[in-house]
Amino acid sequence: MTIHIKNLKVRQKKATATVMCAGQLHTMLGCWAATGDLQSIDKCKGAAESLFQCMRTAPMPKKSHRPTINYHLARLGKTIQ
């Protein structure tokens, strides 16, 4: 069942959120893959420390509101039928 509505406007999706500490995480994962030092005791200690410091100082991302598309579609469905 297809419904065609003349004056329906839909906003584009918002840009994706930036990932905090992505560079430090990438460095640590690369170090783990290259050296096998999964406990970050020997060679990956510096990468683990930089990631830890970034995680401590980075602000927590704010929760985004839930999209209300289902609410609006339900309202439109009542007026169409």
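Derivation of every value follows stated rules applied to the coordinates shown; laboratory data play no part. Every value quoted in this text rests on a predicted model; they were computed, and no experiment measured them. So basically every Cβ, Gly included, is an ideal-geometry build from the backbone, and we count neighbours across all protein chains shown.
Model label sites at ALA74 and THR16, defined 7 Å from Cα along the beta-carbon direction, differ in position by 3.1 nm.
Taking volume of the Cα convex hull per residue in Å³ as calculated from this structure, the corresponding entry among [x] 164; [y] 133; [z] 89 is [x].
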